[in-house]
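Structure first, commentary second.
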Amino acid sequence: MKTVEIRDLKIGNDQPLTIIAGPCQLESRDHAFMIATKMQQACADAGAQFIFKGSFDKANRTSLSGKRGLGIDEGLRIFEAVQAEFGCPVITDVHTEDQCATVGEIVDVLQIPAFLCRQTDLLLAAGRTGRGVNVKKGQFLSPPEMSTVADKVASTGNEKILLCERGTTFGYNNLVADMRGLPTMARTGYPVVMDATHAVAQPGGLGASSGGQREFAPVLARAAVSLGIAAVFMETHEDPDNAPSDGPNMIYLDQMPKVVASLMAFDRLAKSDPLRV
């Protein structure tokens with residue numbers, strides 16, 4: 001079983017739970033600081049490790065008119081400021097090979113979007129940065145197929161790999177999270193992440209945008225953590241219904257301290273008697 005070290009964090013399926021959380025899109029430096037402040041405190045109070053998440057570009061919006069974000073230059077300035085102010089690692093999506101080296105100069109973990117998880121050249125470019133690489137499982141892939149995805153990144157000599165479940169396409173505009181996939185991916189030895197908020201999204205469910213069922217995100221998070229995994233990914237916002245993207249599946253920020261505390265209770269139980277499948 002592998003442990004991935006990101007700054008001073010040790011991330012593994014047998015390590016204390018890591019919470020990866022933040023807004024879907026970066027909106028401003030002040031907004032990022034506000035969310036990071038509250039999430040860092042919630043994680044500290046509960047004994048969880050914390051990585052701040054945000055996206056400088058949402059390249060796969062449902063509609064051409066969907067807001068995409070601040071862009072790479074402003075986004076990286078905000079990430080650098082978050083690192084300096086809070087001392088926590090940061091994670092963001094990359095969408096093209098040429099973004100990887102630039103983003104990797106600052107960001108601690110590069111995230112490969114689910115739709116791009118089999119793009120060999122993107123995976124290799126991310127791996128070559130030497131940074132952590134969180135690969136989201138495509139909605140079209142089975143969990144066992146993620147071993148070959150991990151092999152592509154590892155071929156660069158970089159084994160700082162996280163494998164992330166975010167649901168599988170189930171009919172139109174719906175996803176289902178098969179909890180068997182988490183221990184299946186854990187067989188690779190790499191840390192496993194549950195993306196609890198995107199797993200409750202309803203892609204294209206509102207026609208020109210995606211819908212979601214945010215009330216089920218903590219439910220999926222609890223179920224996943226009870227199996228004994230490395231991390232949970234959750235997007236959060238103080239006013240999700242007026243957020244620029246993914247509002248229907250983001251958790252209200254004021255609910256997050258209770259959610260994190262609950263997840264840590266499940267994590268302690270799971271790690272005290274590890275599941276073997």
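The values are calculated or read from the model by the stated rules, or taken from the named source; none is laboratory data. The structure presented is a predicted model; accordingly, all values stated were derived computationally and were not measured. A quick note on method: Cβ atoms are made from the backbone with ideal geometry, for glycine too, and the neighbour counts reach across all protein chains shown. What goes into the accessible areas is simple: the full protein's heavy atoms, side chains included, and nothing from ligands, DNA or RNA. Shrake-Rupley method; radii C 1.70, N 1.55, O 1.52, S 1.80 Å.
Calculate how large, on average over all directions, the projected area of the Cα convex hull of the chain is; give the answer in nm² to one decimal.
12.5
Take the solvent-accessible surface of the protein heavy atoms, probe 1.4 Å, and return the percent of it on the chain that carbon and sulfur atoms account for.
Here carbon and sulfur together make up 50 percent of the probe-accessible area.
How high is the relative contact order of the chain, in percent, counting Cα pairs under 8 Å that sit 6 or more residues apart?
Relative contact order for the chain comes out at 21 percent.
Taking a cut-off of 22 Å between Cα atoms, list the lysines near Lys271, but don't count ones fewer than 8 places away on the same chain.
Cα-Cα hits under 22 Å: Lys2, Lys10, Lys160, Lys258.
Nearest 5 is fine: what % of DSSP beta bridges in the chain come out antiparallel, could you say?
Around 20 percent of the beta bridges assigned by DSSP in the chain are antiparallel ones.
When only C-alpha pairs under 8 Å and at least 6 residues apart count, what is the relative contact order of segment 171-253, in percent?
For segment 171-253, the relative contact order is 31 percent.
Over 5 Å intervals from 0, what percent of Cα-Cα pairs in segment 70-224 sits in each interval?
2, 10, 18, 19, 19, 17, 13, 4, 0
Based on the Kirkwood radius over alpha-carbon pairs, what value in µm²/s does the Stokes-Einstein equation return for the translational diffusion coefficient of segment 126-165 at 4 °C and 1.567 mPa s?
Estimated via Stokes-Einstein, D reaches 127 µm²/s.
Using amide H atoms built 1.01 Å from N in the peptide plane, name the residues 5+ places from Phe233, or on other chains, whose amide H lies under 5 Å from its own.
Amide H to amide H, under 5 Å and 5 or more residues apart or across chains, Phe233 pairs with Ile20, Met194, Asp195, Ala196.
Which whole-number percent gives the relative contact order of segment 1-120, counting Cα pairs below 8 Å spaced six or more residues apart?
22
Can you give me the C-alpha center-to-center distance between segment 1-70 and segment 172-198, rounded to a whole angstrom?
If we compute the Cα centre of each part, the gap is 18 Å.
To the nearest 20 debye, what charge dipole does segment 1-129 have about its Cα centre, counting +1 at the Cβ of each Lys and Arg and -1 at the Cβ of each Asp and Glu?
My answer is approximately 380 debye.
Which of the helices in the chain meet the span-like rule: DSSP H, Cα axial reach of 20 Å or more, Kyte-Doolittle mean at least 0.0?
Membrane-span-like by this rule: 72-86, 256-272.
Work out the charge dipole of segment 137-277 with +1 on the Cβ of Lys and Arg and -1 on the Cβ of Asp and Glu about the Cα centre, then indicate which of Met250, Gly211, Ala223 is farthest towards its positive end.
Ala223
Peptides 9-21, 160-172: what's the order by average Cβ count within 10 Å, highest mean first?
Highest to lowest by the protection proxy: 9-21, 160-172.
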